[in-house]
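Everything on this sheet refers to the single structure shown next.
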Amino acid sequence: MNRLQQWFQERDWTPFPFQEEAWNHYARRRSGLIHAPTGVGKTLAAWGGPLLEALDNHDDGKGCRVLWITPLRALAHDTAENLTATIRELDLPWTLECRTSDTSASMKARQRKSLPSTLVTTPESLSLLLTYPGVDERFRSLRCVVIDEWHELMGSKRGVQAELGIARLRSIRPDLVTWGLSATLGNLDSAMSCLLGSKHEDGVLVAGHLDKAFEVVTLLPEDSERFPWAGHLGLRLLDQVIDHIESAGSTLVFTNTRSQTEIWFRSLYNARPDWAEQLAIHHGSLDQKVRREVEQRLREGSLKAVVCTSSLDLGVDFTPVEQVIQIGSPKGVARLLQRAGRSGHQPGAVSRIIGVPTNALELMEFSAARAAAIARRIEPRHPIVGPLDVLIQHLVTVSAGDGFEPDALCDEVRTTHAYRDLTDEEWRWALEFVSFGGPSLRAYPEHARVTPVDDRWRISSSAIERRHRMMIGTITADSALRVKFMNGKTLGTIEESFIGRLKPGNRFVFAGRALELIRVRDMTAYVKRATSVRGAVPRWMGGRSPLSTELADAVRERLHEARHHEFADEEMEWIEPLLALQSRWSVIPARDEVLMEFMTKKRTHHAYVFTLAGRLVNEGLSALVAYRWTTKAPQTMTVTANDYGFELTSTHTIPADEASWREVLSSDNLLDDLLACLNATQMTQRAFRDIARIAGLVFAGTPNQRKSMRQLQASSDLFYQVFEEFDPSNCLLDQSRRDVLDREMELTRLRECLTELASRRFIMRHPQEFTPLAFPLWAERIRSQHLSTERWQDRIQRMVLDLESVADDQRNEQRIQPTP
Amino acid sequence: MTSETSNASSQRLEWAGESWMLLAKRAAIRERTHTAYVADLHFGKASAFRAAGVAVPGGTTERSLAQLSQVIDEHAIEQLIILGDCLHSKAGRADSMFQTVADWRERYRALDIVLVRGNHDDRAGDPPASWAMQCVDEPWSADGLVHVHDPDVAPGDQFTLAGHIHPAVRLRDVDRSTARFPCFWCQPKCMILPPFGVFTGHHVVRPRASDSVMIIVDEEIIDVSRHTAKSR
């Protein structure tokens, strides 16, 4: 029996077989991926190997042995506490520290001289560590890298940043062992490739507790009630939610957006003032201190309920949680399972999730999600391939550390999954871009972030170095205003776009409190408690997640069954009357059909196309189709997409014959049409904002010279225009087009979808009223995009000066111009 | 204040009791004196970014100068008045850019150029002697007009030309989509010019009903003064 098994025994625990399996692999210096549901002991599975090794070697812990990378800095603290506890209880002479953007400057300076035995950090902070000279020395004794929540990181540019960082470490320590921890994914092989790069074939896959039982139940509204088709927040199920919270010890109430979190917290609070001390709110915009306090109380079991967003999807276990409530569709199978897994931590317990639909169609989504989860049709995470902006940032990072020799660094970069197919041309372009700004800048020697000195490429000046460090964190667009009481207590952060709409004296709800805005100064919104609770609820960006392909397919299946009068469960039975209405006014689309509905209201023509392909694909599809229609006849079309389909509106008639629709939905000429359509929208320009930030074109400024997000965005737009005009072959422009095609329009899925649609039967209907399927799209048109092939000069004739949205403009656009 | 409504590369405007020509090339011409007015050139802004290690493509100064040449040649301009922000910043004082402008100046030796110093000029310093510009502080009065960079400095009761704001307006279509265009913002007493520099942004302003607004769309200038929200 090893010391760790003994440690388990002292606590009357037994290690799970998958944990011992992982330890054994580690002992043989193998790398790999551990996948298991939340809260079954993945941490100890990865941590045990290095611990046992240290015990065996009587390791004194001088020098850094383990690097533990976590996606969220908020998780770093808890992880550190967990890991420290084992070190202490095993009497290991190891030190453990965190290094995140929250770490004090003095601690960071000390860590630069000597790292603790275990360092818990984020991908950004690892990158930052690589910018200080002495990298080799610093990681000389590193044995192991663990990446936590790898499924969360791998589909993002931060995941690529982590891949590059680890490749650097592997060059320093070729025998480095890497372990990734992941929830179950539909594409574990890709997860392994991204984690281990060129060494992925040696990786071992360790699976834990995949058979954990789960249960999905849905709250059904009273039969007598009329249930809205779309848009309602589902507060009418509040009483039922309260009953469930009352009946359990401790409940997590998940919502899909931060705004919904605020609304539900407020409503629960008002309905049950007696719970005031036992109710809490948790989301990513809240101040770290506030969040930690909530997490601590959750662990102690002193909270009745916490209303939260995905901020509590990840991370350490909250064993006392007995029940999980999901407000609104989970939109994905993996997320449903992840959240369900937050409850029922006792061995053998069942993970139970209670679904609260916020509109009738969501009942169908819960039903479909349960079916897909039982069939284990779990979503994959698609890794990002070859982003040049991240590579450019990495080049500057490495040049600031100890410099690099281009050929060697190129080989190293190509060991990663993200850049395994990097071409010589791309590599040369990136080198040129950091050294003299790319081919078009050859004539300007004054621009050089990186300069070759005797074969080694080094950063050009300490000023550029300082600025680069400040920018590294910017892969996460974390630009927001602090919300602070006048007496100094910080509540959290909030997007400028929301605060910008408020005037001093206006009230809003944030962090579960009613607040009144006093003034905004120095990137801080000063507030005081408001006496009345009425107020706008902040809207955060990026709140809505699209239905995953897996779930969309499952929903299509449910509709198909309904078409044939099969209603598989009580959720489906409940919405039977609604589907009957759809049937009466139009038709319920079967699996092998595309339903199109056409309608004319107030001289505006509407076309609805129900693909059931998920919002992302529908967005791409609708833009493409609108583009193709508008090239046939110059006009302006408004497009709206949701998970079920899309709507086109125009003042021109939209043809309703099958042949023309087959043509606009054809996959011929797809790429050319999409690129043309990107030019007609501003999508590329928007994607370029992130790229400009990551590649270091625009910067947030120094702490004492704060520059708000609006200037940053505007100047990236300006950069875009200048590049387009003066350097059209710039690879970053190309990347922004690729980013939109791959990430936003999901080109691959779009192509598949078009091919698949071509094989379906087209059903054209002309209902008199908005059908149950069409209504949500109609109700959502406020979020629509516009696509026009008319000349500006013609459009301007009917346009009016917009004096109302001036406030919006000041937020989104540049004031005068940023001074570097 | 009256104006013709034709979509073209220039718009005529009666302002301050005389005839003006506003160009899509972002210059205003006082026809009686053959004077061209431009604002906010921001020469050296691209160089300043490059000096800070940010890769801005070259060619912006050349583009500005080429447009200036067209204005001067096509309208037989005898005097050019720059309403501030000729140079962007100290860091942008690059030799190559200085030389490019000096060479251009050589071609237009006979032209009289006045620079009304703006906030950027105060920090960036005056242009080199080789550019042969008369540099004056705002407000600068000449020939019945006041010239300023910052319209806040305008005396209010006298006809004034200004820059600094980088004005733009937003127009809304019937489908609620909006678009933003740089503009000449002509108030009864003060005319604010759009920035002439290529590498400059804009700031959306809120004109009054009594103002004339001429927007720039590609190569055209369009009067949108009467496009106020009738629908509301």
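The values are calculated or read from the model by the stated rules, or taken from the named source; none is laboratory data. Just so it is clear, the model here is predicted, and its values are computed rather than measured. Virtual Cβ from ideal backbone geometry, glycine too; neighbours counted across all protein chains shown. All accessible areas refer to the heavy atoms of the entire protein, side chains included, with ligands and DNA or RNA removed. Shrake-Rupley method; radii C 1.70, N 1.55, O 1.52, S 1.80 Å.
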All but one of (1) open to solvent by 20 Å² or more (accessible area, probe 1.4 Å); (2) touching a residue at least 40 places away in the same chain (Cβ under 8 Å); (3) assigned to a strand (DSSP E or B) hold for B:I215; state the number of the condition that does not hold.
(1)
Residues in segment B:32-45 that are outside any loop (DSSP other than H, G, I, E, B) and away from every other protein chain (no Cβ under 14 Å) total 4
Has segment B:86-106 got any residue that is farther than 22 Å from B:H164 by Cβ, of a type in the set (K, R) and over 14 Å from the mean Cα position of the chain (by Cα)?
yes
Considering each residue of segment A:118-167, count those that are farther than 15 Å from A:V390 by Cβ and assigned to a helix (DSSP H, G or I), and give that number.
9
Could you give every pair whose Cβ atoms fall below 8 Å, whose first residue belongs to segment A:188-202 and is at positive phi, and whose second residue is at pLDDT below 95 and not acidic (D, E), counting only separations of at least 6 or pairs across chains?
none
Condition met for A:T702 (open to solvent by 30 Å² or more (accessible area, probe 1.4 Å), modelled with pLDDT under 85, outside any helix (DSSP H, G or I) and in contact with a helix residue (DSSP H, G or I) (Cβ under 8 Å, 6 or more places away or on another chain))
yes
Segment B:64-110 - residue that is touching an Asp or Glu at 6+ places or on another chain (Cβ under 8 Å) and at the interface with chain A (Cβ under 10 Å from one of its Cβ atoms) and, of those, least open to solvent (accessible area, probe 1.4 Å):
B:D85
Conditions (1) in contact (Cβ under 8 Å) with a residue 12 or more places away in the chain; (2) open to solvent by less than 40 Å² (accessible area, probe 1.4 Å) -> A:W574 fails only (2)
Members of segment B:219-232 that are at the interface with chain A (Cβ under 7 Å from one of its Cβ atoms) and under 17 Å from the mean Cα position of the chain (by Cα):
B:E220, B:I222
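Give B:I72, B:I81 a once-over and let me know the one that is under 16 Å from B:L193 (Cα atoms) and of a type outside the set (D, E).
Values: B:I72 fails: under 16 Å from B:L193 (Cα atoms).
Step by step, each of B:I72, B:I81 is checked, and only B:I81 is under 16 Å from B:L193 (Cα atoms) and of a type outside the set (D, E).
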Among the listed residues A:G63, A:G49, identify the single one that is at positive phi and of a type in the set (G, A, S).
A:G63
Every residue in segment A:169-183 that is more than 23 Å from A:T38 (Cα to Cα) and in a loop (DSSP other than H, G, I, E, B), please.
A:R173, A:P174, A:D175, A:L176
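Here are some residues: A:A230, A:A207, A:A248. Which one is hydrophobic (A, V, I, L, M, F, W, C), under 23 Å from A:M572 (Cβ atoms) and either at pLDDT 85 or above or under 26 Å from the mean Cα position of the chain (by Cα) (or both)?
After ruling out the rest, the residue left standing is A:A230.
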Could we say that A:E597 is assigned to a helix (DSSP H, G or I) and of a type outside the set (V, I, T) here?
no
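Scan segment A:637-672 residue by residue and report those that are charged (D, E, K, R) and over 11 Å from A:Y608 (Cα atoms). Even if it seems obvious, please write down each step before you answer.
We begin by selecting, within segment A:637-672, every residue charged (D, E, K, R); these are A:643, A:647, A:657-658, A:662-663, A:668, A:672.
Matches in segment A:637-672: A:D643, A:D657, A:E658, A:R662, A:E663, A:D668, A:D672.
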Failed condition for B:T2, given (1) of a type in the set (V, I, T); (2) at pLDDT below 90; (3) surrounded by 15 or more Cβ atoms within 10 Å (Cβ to Cβ):
(3)
Would you mind telling me which numbered condition in (1) part of a strand (DSSP E or B); (2) in contact with a His (Cβ under 7 Å, 6 or more places away or on another chain) A:V609 fails?
(2)
Go through segment A:244-273 and give me each residue that's assigned to a strand (DSSP E or B), farther than 22 Å from A:A76 by Cα and among the aliphatic types (A, V, I, L, M).
A:V253
Name the residue that is nearest to A:V253 (Cα to Cα), counting only residues in segment A:343-372 that are of a type in the set (S, T, N, Q) and either modelled with pLDDT of 80 or more or in contact with a Phe, Trp or Tyr (Cβ under 8 Å, 6 or more places away or on another chain) (or both).
A:S343
Candidate set: segment A:602-611, residues that are closer than 20 Å to A:F762 by Cα and open to solvent by 10 Å² or more (accessible area, probe 1.4 Å); chosen: the one farthest from the chain's Cα centre (by Cα):
A:H605
Please verify whether A:T43 is in a loop (DSSP other than H, G, I, E, B) and open to solvent by 10 Å² or more (accessible area, probe 1.4 Å), treating the condition exactly as stated.
no
If I go through segment B:46-63 residue by residue, how many of them are more than 7 Å from every other protein chain (Cβ to nearest Cβ) and of a type in the set (D, E, K, R)?
2
Condition first: modelled with pLDDT of 80 or more and either in a helix (DSSP H, G or I) or β-branched (V, I, T) (or both). Can you find one or more residues in segment A:500-512 that meet it?
no
Report the residue count in segment A:370-388 for those that are assigned to a helix (DSSP H, G or I) and within 16 Å of A:H417 (Cα to Cα).
1
Which residue, of A:D643, A:D592, is touching a residue at least 60 places away in the same chain (Cβ under 8 Å), buried (at least 23 other Cβ atoms within 10 Å of the Cβ) and charged (D, E, K, R)?
A:D643
Just checking, does segment B:112-122 include any residue being in contact with a Gly (Cβ under 7 Å, 6 or more places away or on another chain) and open to solvent by 40 Å² or more (accessible area, probe 1.4 Å)?
yes
